[in-house]
Every structure is written in C-alpha cells, then in structure tokens.
1. Please go through region 35-52 and give me each residue that is surrounded by 15 or more Cβ atoms within 10 Å (Cβ to Cβ) and part of a loop (DSSP other than H, G, I, E, B), ordered by number.
2. Those residues that are under 21 Å from the mean Cα position of the chain (by Cα) and of a type in the set (A, V, I, L, M), I need them from region 63-106; list them, please.
3. When Lys194 is evaluated against the numbered criteria (1) more than 22 Å from Gln18 (Cα to Cα); (2) surrounded by fewer than 23 Cβ atoms within 10 Å (Cβ to Cβ); (3) basic (Lys, Arg), which criterion, by number, is the only one it fails?
4. Sort out which residues of region 84-116 are out of contact with any helix residue (DSSP H, G or I) (no Cβ under 7 Å at 6 or more places or on another chain) and in a helix (DSSP H, G or I), and write them in order of number.
5. Regarding Lys215, is this residue crowded, with 18+ Cβ neighbours inside 10 Å and free of Cβ contacts under 8 Å to residues at least 24 places away in the same chain?
6. Using the structure shown, decide if Asp64 is acidic (Asp, Glu), surrounded by 15 or more Cβ atoms within 10 Å (Cβ to Cβ), at pLDDT 95 or above and over 20 Å from Asp180 (Cβ atoms).
7. Select from region 271-306 the residues that are among the β-branched types (Val, Ile, Thr) and assigned to a loop (DSSP other than H, G, I, E, B) and write down the one among them that is modelled with the lowest pLDDT.
8. Inside region 224-246, can you point out the residues that are in a loop (DSSP other than H, G, I, E, B) and surrounded by fewer than 15 Cβ atoms within 10 Å (Cβ to Cβ)?
Amino acid sequence: MGGTRFIGVYLTRLLVNQGHEVVLFNRGNKPAPIAGVQEIHGDRTNPADITEKLKGESFDAIFDNNGRELSDTQPLVEAFHGKVEHFVYMSSAGVYLKSDQMPHIEGDAVDPKSRHKGKHETETYLAHHDVPFTSIRPTYIYGPQNYNDLEAWFFDRIVRDRPIPIPGHGQHFTQFGHVDDLAHAMSLLLGNPKAIGQIYNVSGERFVTFDGLAKACIVAAGKSPDDFKLVHYDPKKFDFGKRKAFPMRTQHFFASIQKAKADLHWEPKYDLLSGLKDSFQHDYLATGRDKAEIDFSVDDEILAAI
C-alpha cells in the first residue's frame, strides 16, 4: 500500500532486488517503480475496493506505507485477518508527547492531540486485534523524491544566495533519516520473529541543530557556510496564517534508533552530509528546481521585520 511514492518506491525496488514477489495496490496515477511489478488498481479510501479487488489474493506480508487514520487501515486488516504472516505499518515519531527527556524511545508517552494521533490509534488497534504487526516510527524522512519540502526548503535559499530564516535560537535538535535507510530497515523485518508486535524508531544515527542542518545543506550544495547569514526570529511575533515559514516543528525532536539496530541488525548507510548531497544532486538539481520560481514572501516579511 503506497508503493509508487517516496518510501514505497525505494521499498519496492529493494524488495524486488532481494527476490521477493511484490504486488502494488494503488489508484494507477503513478507508474510502478519497476517495470513488470504486478499492480492491482483500487482506491484504499473505498472499503469496497479493498474487499472486491483483493478478494482471493494471498500475501505473506503487507506493507502499509500510507495509512494515516484507523479508517484507512482497518478494512485492510479485516480483509486479511488470520491470512498474513506480517503486517508492517508506517507510523511516525510525531506521535510522541513533547518531553524534557530525550531522545524519544519506544514506549514513551504519546500526545493525544498530535496531528498523527490517527497513526497511534491504528497501532493500538493492531496490538489489540491479534495482528502480527510491526510499526515503524521515523522522524523526518529525506532523500530523492521527497514530496515534503524539507531539505529542498534549505536548498531553495542556498542556491539563490538568500539569508536563511530560522525560528528561535537555532539550537533545537532535530533528526533526519534517509529514505533508503528506512526502506532497508523495513525489508529486514521480513522473516524476523523478534519484530512481531514491536514498534521501532527508524532514522539517522545522529541529531543536528537547526543551525547545523542549515550549514550541512550549504556544504551539500557546494558552498561555504561563511557566505550565508542565518537569521533567527521569534515565530510568536508573526502571523503567517496558513503559510509555512519553516519546514520543521520548533522543538527538540529526535529518537533513539538503538532498538531497531539491535533487533534488526540494521545500520544506517547515510550520514547527514552524504544523504543531503544525494538529495541535492539526484533530486534538487536533477528536477530543475534550482531554476524554478519560488515564493519567498514569508521570508521577506521576516527579514523586513528584523
């Protein structure tokens, strides 16, 4: 589920290369990542499609990459209850309650008001309905084909030699995990009985401050941090409405990946700089975004006020 976009693209390619037979369930709006992969076209938001289009199908494992609410995943679970050996659910480290003690570890308190609360509700449902599940909680995912403006937000300003507005003091710690490393960890769940019924944080090895992330993006783009101005501002003094001034939450946000490393015998391949270079060369420049028109009106509002 969700095999033709970002995480699903990397996971599909990896599983096929490992010799697995992969079937994608999608609406057919995007091409399959690898030619010849079997596709079943349907809309997961329509429970009838799950029931009718997957009737009679049999799978050893299901990867649910794009279920956001319990209502997305429940029909799938009901259709294959007792018929699948492993159900892998893509959750988010965004479910954790903000804490004074970091990094987040599996078992930490969950925020009932989180915008990802639907994912935690799904995890709870899986755990209480006798489903052989594993849940993955990534932090910020980056890498080529990222559809969220994350590293690209920084690159937009860097290639145009603009100041980089950063909320707060710039010393909030955050964490990026490369999508290829995430897919690799997901593939290692298959055939691993230790992973059944478990939740794993999956991300990069190290944490980085907002200022440090901006500098790493500058270096990844082949420039010097000495040539750029990082502008710190108080976001509470501005009313941006629905406009997004910064791509990350203004708080410490990072999680321990030790459990995944131990149980899955997994190690991230990318450090932050090599991952950002991968994004810049093979996505940002390759798609021509460096020449696109970008709206910097929010930046200009911040810079004018300061």
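1. Initial filter on region 35-52 (surrounded by 15 or more Cβ atoms within 10 Å (Cβ to Cβ)): 37, 39, 42, 44, 47, 49-50.
Answer for region 35-52, where residues must be surrounded by 15 or more Cβ atoms within 10 Å (Cβ to Cβ) and part of a loop (DSSP other than H, G, I, E, B): Val37, Gly42, Arg44.
2. The answer is Leu70, Val88, Met90, Ala93, Val95, Leu97, Met102, Ile105.
3. Going through the list (1) more than 22 Å from Gln18 (Cα to Cα); (2) surrounded by fewer than 23 Cβ atoms within 10 Å (Cβ to Cβ); (3) basic (Lys, Arg), Lys194 breaks only (1).
4. Ala93, Gly94
5. Working: crowded, with 18+ Cβ neighbours inside 10 Å: yes; free of Cβ contacts under 8 Å to residues at least 24 places away in the same chain: yes.
Answer is yes for this residue.
6. Working: acidic (Asp, Glu): yes; surrounded by 15 or more Cβ atoms within 10 Å (Cβ to Cβ): yes; at pLDDT 95 or above: yes; over 20 Å from Asp180 (Cβ atoms): no.
The answer is no for Asp64.
7. Filtering region 271-306 down to residues among the β-branched types (Val, Ile, Thr) leaves 287, 294, 298, 302, 306.
Right, trim to assigned to a loop (DSSP other than H, G, I, E, B) and you get 287, 294, 306.
On the way: Thr287: 97, Ile294: 97, Ile306: 90.
Checked region 271-306; the qualifying residue modelled with the lowest pLDDT is Ile306.
8. Keep residues of region 224-246 that are in a loop (DSSP other than H, G, I, E, B), which gives 224, 228-229, 234, 238-246.
Result: Ser224, Lys229, Asp234, Asp239, Phe240, Gly241, Lys242, Arg243, Lys244.
The values are calculated or read from the model by the stated rules, or taken from the named source; none is laboratory data. On a predicted model such as this, the values are computed, not experimentally measured, just so you know. Ideal geometry is used to build each Cβ from the backbone, glycine not excepted, and the neighbour counts take in all protein chains shown.
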